[in-house]
Amino acid sequence: MKTWRLVTCLVVLGFLLGVLGLAAGPSGWRSPWEAAGDLFSGDEVVARLRAPRVTLAAILGASLALAGSLMQVLLRNDLADPYVLGLSGGASLGAVTSLALWPGLPPGPAAAAGAAGAAVVVRGVARGAHDPARLLLAGVAVGSLLASATGLVLVLAPADRVLRSATFWLFGGLGTPLWPALGIPAVLLAGCVGWGLVRAERLDRLTLGDDLAAALGVDVPGLRREALVVAVLLTACAVAVGGLVGFVGLVAPHVGRQLAGAPHRGLIPVAVGIGALLVVVADTVARTAFAPREVPVGLLTAAVGGPFFLWLLQRGRR
Amino acid sequence: MTPVAPAALTMNRSVATRPVIEAGSLAVGRGGRAVLEGVDLAVMAGERLGIVGRNGSGKTTLLRVLAGLDRPLAGEVRWGGGRLPRGPSRPSTLGVLFQGEVPSHFTVRELVTLGLGLDGPPTAADERLVDAAIARFGLAHLVGRACATLSGGEQQRAALARALVASPGALLLDEPTTHLDPVHRAALLGELDRLRGSVAVVLATHDLECAATCDRVALLGAGRIAALGPPTEALVPDVLAGALGVRVRRIHDPAGGPPLLRVLGLVGPPAGAEKVPVA
């Protein structure tokens, strides 16, 4: 009951902020009702440029929030985020390599491949997904190795513009997506949220620890494997469309837990909604605050998320 | 879905000769190395069995195998005459309470609900089971509190309610009295007394006083069960000296309680005695 009220609030808020996102842009501010009308009349700017971008921002935030929630369960660590298992390192290396070798192509697919590859390596080094401490250590080790490799590519890359576009990509940016580009991320997100709701009670028991979860009837290795695959897929897809957008995947699950409580049946939809709202707002500001220049959206989520997280920690301490 | 294991429930009501857990020629260990071998053990419905041994004697390892968490190196374990079920009927067959369960973000009510092992939202019947367990362990005033904010004793009561909400036929506890002050220790033993006759309790402990409250005690020593019997036979100075290597004096309780066991020291000559020259 409480969850439904929260989700309704989030949807309404998301709709209002989405319309605000449509109304604002570097080419000028329109009144929200005018923007809503333009959306349905097929206006070039609102319907073809801003609407897909706002929708993609929501999908990106939601994906990161769900991936972060799952990583926090898998690693039994409140500080885990979607990138923690070396995924950011893998994505960065993939992206800068792609930018250096094929400057004409978008770095997204290579970044996704890099993130997924890093996850496979980390899982191999940790000998499976069952030991949180080993996964985390392997993630840190592999991540730092990949980060240094990224630096090496940036230093050795021939063209100057690699550095600039790489910097932009590393701090997250949504670019100018077309509607068809939203298909895969949207379907993946919907499937993963569905998986999360079906597995909600098992994920709850997994948070109690592997032994207790097994004693309470959970197939622990199977659930861990599934959760890792889901989290990595979501993260890889998110880096492919938006680069590295920090803090959303860390903060959204915490806010979700404060609002909806720890059980995943309520936590997943609420955290996903919070993540979507956060990135929609951050991206609207990123597009408009310094117009005509655009700021990487990851800079804004970190700038807002950091202090917010500190406030949350202070509050939690009582 | 209401988790009811018919086998477990009928066992509760049957005569105390039906085993809830049976272990035959069991070998248990870690990393392929056996810690305990040749374990034959039958836990009867409603009885309280203590597993006593030194640190490293294999108490926890044996308990984990009995809980179905680890596979034995050899032999087999049967629960109610068969395999341990997966899914929601598992917690209604076997309840477990481990040392140092991490206090969670869940509220007491949510934690107790998780004890049912459901794979979906609870039904009205499930909610009634949860209410009953909460009332039984005096947690009604704490239902909305996060487990992490409870005191140690309250956490243990919540964990007991979580372990017993599905009415399992057996409850396994690992070192339940360690780190408990005398008040909470007495409270826990009181709770366990209320289970006597209905739920088989297996507790691994190195607390001899706690072991003395059991119906039977299995003493682990030298890689096997060195003694198995009622405390009057197993917890006596000779047997304890053989199995644990400690000298113990039994002190009679004039009020009729179980005898107190006072550990006097280690068996054998004092350290360094063998170096004394003969000449």
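FYI, it's all coordinate maths here, none of it is from the lab. As the structure is a computational prediction, the values presented were derived from the model and not from experiment. No Cβ is skipped: glycine too gets one built from the backbone with ideal geometry, and neighbour counts run over all protein chains shown.
Summary table
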item: Expected 222 nm ellipticity per residue - DSSP helices of 4 or more, -39500 (n - 2.57), all of chain B, to 500; result: -8000 deg cm²/dmol
item: Residues of the stretch B:167-188 with amide N under 20 Å of a point placed 7 Å along Cα→Cβ from B:V143; result: B:167
item: Distance from the stretch A:71-118 to the stretch A:126-177 (C-alpha centre basis), Å; result: 6
item: Axial C-alpha extent at least 15 Å, average Kyte-Doolittle at least -1.0 - helices from chain A (DSSP); result: A:2-23, A:51-74, A:87-101, A:108-125, A:132-156, A:160-170, A:183-198, A:220-242, A:248-260, A:264-288, A:297-317
item: 14 Å beta-carbon shell around B:L118, net charge (K/R +1, D/E -1); result: +3
item: Shape of chain A, Cα gyration tensor, a/c cut at 1.5; result: oblate
item: Per-residue [θ]222 nm for chain A (sum of -39500 (n - 2.57) over DSSP H runs n ≥ 4, rounded to 500); result: -25000 deg cm²/dmol
item: Shielding by other protein chains, B:69-77, mean Cβ within 10 Å; result: 1
item: Paramagnetic label zone (point 7 Å from Cα along Cα-to-C-beta, A:R134; backbone N under 15 Å) in the stretch A:63-90; result: A:75
item: For chain B: rounded, prolate or oblate by the Cα gyration tensor [a/c cutoff 1.5]; result: prolate
item: Distance from the stretch B:80-145 to the stretch A:1-22 (C-alpha centre basis), Å; result: 34
item: Projected label distance in nm at A:S27 and A:E44, using a 7 Å step from Cα toward the beta-carbon; result: 0.6
item: The protein assembly as shown: C-alpha gyration tensor shape, a/c 1.5 cut-off, then a/b vs b/c; result: prolate
item: Among A:L17, A:W4, A:A149 - extreme Cα towards positive end, dipole of the protein assembly as shown, charges at beta-carbon; result: A:A149
item: Residue mean of other protein chain beta carbons inside 10 Å, A:211-224; result: 6
item: Shielding score for B:112-121, defined as the mean number of other chain Cβ atoms within 10 Å; result: 5
